[in-house]
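Notes for the one structure printed next.
The values are calculated or read from the model by the stated rules, or taken from the named source; none is laboratory data. What you see is a predicted model; the values in this text were computed from it and never measured. Cβ: placed from backbone, ideal geometry, glycine included. Neighbour counts: every protein chain shown.
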Amino acid sequence: MYSIKLQEIIDKFELKVFIKTDDIESKDIKIAEVNRPALQLTGYYDYFNPDRIQVIGMVEYTYLSAMSSEKRRETFQKLCEYNFPAIIFSRSLEPFPELLEAAKVQSIPVLQDSTPTSELMSELIRWLRVKLAPRATLHGVLLDVFGEGILLMGESGVGKSETALELIHRGHRLVADDAVEIKKVSNQTLIGSCPEITRYFIELRGIGIIDVKQMFGVESVKQTHAIDLVIQLELWDKNKEYERLGTTDEYIDILGNSVVCCKIPIRPGRNLAIICESAAINHRQKKMGYNSAQALSQRVMDSINTNAKA
């Protein structure tokens, strides 16, 4: 379970603080969801999750404005008893005095943002999902090749960094070398990045450490990228059957997500950079609906049918 500080959210979204509690800088946010307490304002608290940040929009504000001051005080006292992390008023709406009283008693920060409610919630949820995403660190090299996130994996010394260097020389971009930090931001998307201490560096055996950004320029590096394809580099095994047609995809599991995986055997004379480029383009074509292996298979079937009729 990962967490971030509420103060980090305040700084990121430039929120105005009406009530700053003693623990606001150390208060942890652990859930990447927010809640608009519409039903709760009517007194319905079943399935209410007090670990979520609460957001008051125009609908809730109008409903509360129609209440008497005493009714608002009672409503806010009941709501604040759940001691949620914070409450944010969107659209620059002014917090009610009754809420400020109840929040102060329970040490709940009251914040304000100027953006529309739906925009605030969607951006906040998106940002929280990235910050609180399940994560893992894998040994490999992550590159942006023709817009596709290619994760090179394989045993140490198999040639991942050398292949990456050739791809960078050909105009592609490095994201991470050796250690790739991966975050699962959704059931379909994995985002890879590099630990800050090794960012933009590559280790080449026999040469040492090189700074890719300094050597090839800022256009040769990128801080993050989605992982679209895994290329597993392995030493050639003459007793092993390798994929020749590519009619079916193989997958590798990373943090519960299935990612297409190609196993490339290493032999002297093979140009791995061109192979990786071809794999990236082929993967993009498949996502766009064109599968060259299936196209060839269809040609063969059509030819067989034509000869049979003749």
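Within region 264-274, is even one residue part of a strand (DSSP E or B), in the same structural domain as residue 182 (by TED's automatic domain parsing) and among the β-branched types (Val, Ile, Thr)? Yes, the conditions are met somewhere in region 264-274. Restricting the first member to region 221-241 and to residues that are closer than 26 Å to residue 146 by Cα and in the same structural domain as residue 270 (by TED's automatic domain parsing), and the second to residues that are among the hydroxyl-bearing types (Ser, Thr, Tyr) and part of a loop (DSSP other than H, G, I, E, B), the beta-carbon pairs closer than 9 Å and six or more apart or on different chains are 221/200; 226/189; 227/189. Being loosely packed, with under 12 Cβ neighbours inside 10 Å, out of contact with any strand residue (DSSP E or B) (no Cβ under 8 Å at 6 or more places or on another chain) and either under 28 Å from residue 185 (Cα atoms) or at pLDDT below 90 (or both) is a property that holds for residue 302.
Being surrounded by fewer than 16 Cβ atoms within 10 Å (Cβ to Cβ) and within 22 Å of the chain's Cα centre (by Cα), is that true of even one residue in region 258-280? The answer is yes, given that some residue of region 258-280 is surrounded by fewer than 16 Cβ atoms within 10 Å (Cβ to Cβ) and within 22 Å of the chain's Cα centre (by Cα). For region 124-134, taking the residues that are over 21 Å from residue 180 (Cα atoms) and in contact (Cβ under 8 Å) with a residue 60 or more places away in the chain, the one that is surrounded by the most Cβ atoms within 10 Å (Cβ to Cβ) is identified as 124. Kindly indicate whether residue 214 is out of contact with any strand residue (DSSP E or B) (no Cβ under 8 Å at 6 or more places or on another chain), at pLDDT 90 or above and over 22 Å from residue 175 (Cα atoms). No: the conditions fail for residue 214.
Meeting the requirement of 1 or more residues that are free of Cβ contacts under 8 Å to residues at least 12 places away in the same chain and more than 24 Å from the chain's Cα centre (by Cα), the helices (runs of 4 or more DSSP H) wholly within region 1-97 are 38-41, 58-65, 69-80.
Quick check on my filter: what residues within region 171-184 are assigned to a loop (DSSP other than H, G, I, E, B) and surrounded by 21 or more Cβ atoms within 10 Å (Cβ to Cβ)? I'd like the intermediate steps shown before the answer.
Going through region 171-184, the residues assigned to a loop (DSSP other than H, G, I, E, B) turn out to be 171-172.
Once the filter is applied, which keeps residues that are assigned to a loop (DSSP other than H, G, I, E, B) and surrounded by 21 or more Cβ atoms within 10 Å (Cβ to Cβ), region 171-184 yields only 172.
One residue stands out in region 197-255 among those that are at positive phi and not in a strand (DSSP E or B): the one that is surrounded by the most Cβ atoms within 10 Å (Cβ to Cβ), namely 200. Answer yes if at least one residue in region 111-124 is touching a Phe, Trp or Tyr at 6+ places or on another chain (Cβ under 7 Å), in a strand (DSSP E or B) and closer than 30 Å to residue 255 by Cα, and no otherwise. No, region 111-124 contains no residue that is touching a Phe, Trp or Tyr at 6+ places or on another chain (Cβ under 7 Å), in a strand (DSSP E or B) and closer than 30 Å to residue 255 by Cα. Once region 98-117 is narrowed to residues that are in contact (Cβ under 8 Å) with a residue 40 or more places away in the chain and of a type in the set (Ser, Thr, Tyr), the residue that is farthest from residue 185 (Cα to Cα) is 107.
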